[in-house]
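Trainee: One structure, as structure tokens, below. Some questions next.
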Amino acid sequence: MTPFCATSLPLFIVVRVLFGLAQGVTFPTIYYLGGQWLTSNEKSRGMSLVSSGVSIGTICTLGIGSYVLYYWTWPTLFYSIGFMGFLWCLVWYFVASSTPLEYYEHGSVFKMSEVEYDHIVNNQIHDVSDNDSIPWRNIVTHPAVIALISNHCIHNYGFYILLSWLPTYMEKELNFNIKEAGYYSILPYILLFIIANMGGFLSDYLLKRKVELLTIRQIMQSSGLLFQSLFLYLITRNPTIGQSILYFTLSIGLTGLCQSGYACSSLDLSPKYTGIIWGISNTVSTVPGIVGVYLTGRLLDYTGSFSPVFLLTACINIVGTIIWLFFAEATPVDFDYNTERLRL
């Protein structure tokens, strides 16, 4: 609908807001499904794989999208993305199930064996609480949840700034045309997909080797944020074109380690409320995307340089690392404690 509404600014804004509302339920649903389907020793691999799907979408949009924009028109790009989304909805409708039990009993296009079903059910952490109300205050005031939300926001701040402004940087600072900028802009997200999945496998391997889960989460999250800070700083030191591309690729790609950090935290804290926790976190973490992209524009207008933008992002990442190291947890939390007194 976006191309049809582009001639009217109010209508265009309404359509984009509705688009955002429709997509807002996606990640909380994914994390709820992760809590239902993933066993204790598969969480990092499973959620890293799912989250890295965002990189595939970004690669397709920047790579194929730049080609479409170069040879055709921008409405063609919107129609193409919308059509692919429609096709995926059909696949999801016929294949997906909310729980292993539902899938096992009613089936789908594919069938689940009894062995696979028993493996999933017998290797999950089950919440035995029979409380039907949601302890909102217990959830949003818990230090580990606050650490998760803050790191989600900080991760998204850097992600959205680089996603939105990297093609502009390449066009203005490196003198690439729009097609070249699109092609080079996909390199970081290819690496991000690879690193996210490698980090997931490494995390589950370390867990099997009896490394404490909290230690794994701290290493992965801190490494992702600090590596990005390092390479963003190096970009401000007047690198060559080749070095700039390398530093950008590493600064974005290595944040894939965070998919085994904050991105798995809600599953660690509460399989029962993981969708709620991630829904809150995902809602709040959209704000840095809005503020960060606007702030970047203002900084560029005021300074005429990308260096302050990258240095600010690097400093914010360091703050996030400190918060994570002090307040993150990786053991299940009983959010239902004293629910009657704290219920909103």
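The values are calculated or read from the model by the stated rules, or taken from the named source; none is laboratory data. The model shown is predicted, which means the values in this text are computed figures rather than measured ones. Using ideal geometry, Cβ is built from the backbone for each residue, glycine included, and neighbour counts are taken over all protein chains shown. The area values use the complete protein model at the heavy-atom level, side chains included, leaving out ligands, DNA and RNA. Shrake-Rupley method; radii C 1.70, N 1.55, O 1.52, S 1.80 Å.
Trainee: What are the principal axis extents of the Cα atoms in region 196-344, in Å, biggest first?
Mentor: 56, 41, 23
Trainee: If the chain between PHE4 and THR303 were fully stretched, how many nm would it gain, using 0.36 nm times the residue separation less the Cα-Cα distance? Don't skip to the end; give the middle numbers.
Mentor: Details: separation 299, 0.36 × 299 = 107.64 nm, distance 3.72 nm.
Full extension of this stretch gives 103.9 nm more.
Trainee: Percent relative contact order of the chain, based on C-alpha pairs within less than 8 angstrom and at least six residues apart?
Mentor: Here the relative contact order equals 29 percent.
Trainee: Using Cα pairs under 8 angstrom and six or more residues apart, how large is the relative contact order of region 19-108, in percent?
Mentor: Relative contact order for region 19-108 comes out at 30 percent.
Trainee: Right, something else. Given the protein chains as shown and a 1.4 Å probe, how many square angstrom of VAL121 are accessible, to the nearest 10?
Mentor: 50
Trainee: Please pull out the direction-averaged projected area of region 17-58, using the convex hull of its alpha-carbon atoms, in nm² to one decimal place. Don't jump to the answer; show the numbers that get you there.
Mentor: Working: hull surface 13.0 nm².
Spelled out: convex hull of the Cα atoms, projected over all directions, averaged, 3.3 nm².
Trainee: Compute the angle between helix 187-208 and the longest alpha-carbon principal axis of the chain, please, reported from 0 to 90 degrees and rounded to the nearest 10.
Mentor: Its long axis makes an angle of about 20 degrees.
Trainee: Continuing with this model, one more query. Could you work out how far helix 286-303 tilts from the main Cα principal axis of the chain, as a 0 to 90 degree angle to the nearest 10?
Mentor: Result, in degrees: 20.
Trainee: Give the whole-number value, in cubic angstrom per residue, of the convex hull volume spanned by the C-alpha atoms of the chain.
Mentor: Numbers: hull volume 55.5 nm³, N = 344.
Spelled out: Cα convex hull of the chain, divided by residues, is 161 Å³.
Trainee: While we're here: Roughly what angle does helix 241-253 make with the longest principal axis of the chain, taking Cα atoms, 0 to 90 degrees, to the nearest 10?
Mentor: Around 20 degrees separate the two axes.
Trainee: Region 1-124: D in µm²/s via Stokes-Einstein (Kirkwood Rh, Cα pairs, 20 °C, 1.002 mPa s)?
Mentor: On the way: Rh = 17.4 Å.
Here the translational diffusion coefficient equals 123 µm²/s.
Trainee: Assuming 0.36 nm per residue, please report the length gained on full extension of the stretch LEU246 to SER80 beyond their Cα-Cα distance.
Mentor: Numbers: separation 166, 0.36 × 166 = 59.76 nm, distance 3.05 nm.
Computed gain between LEU246 and SER80 is 56.7 nm.
Trainee: Would you mind working out the accessible area per residue for the chain, using a 1.4 Å probe, and quoting it in Å²?
Mentor: 53
Trainee: Could you order TYR183, TYR273 so the one with the most accessible surface comes first? Probe is 1.4 Å. Before the final figure, lay out the partial values.
Mentor: Values: TYR183 100, TYR273 10 Å².
Correct descending sequence by accessible area is TYR183, TYR273.
Trainee: Which of the trypsin sites (Lys or Arg not before Pro) across region 197-275 are loop residues per DSSP, with 16 or fewer other Cβ within 10 Å? Let's see the in-between values first.
Mentor: Values: sites: LYS208, ARG209, LYS210, ARG217, ARG237, LYS272; in loops: ARG209, LYS210, ARG237, LYS272.
Those that pass, being in a loop and sparsely packed, are ARG209, LYS210, ARG237.
Trainee: Determine the gain in length on full extension of the stretch VAL95-VAL25; use 0.36 nm per residue of separation and subtract their C-alpha separation, reporting nm with one decimal.
Mentor: Full extension of this stretch gives 23.3 nm more.
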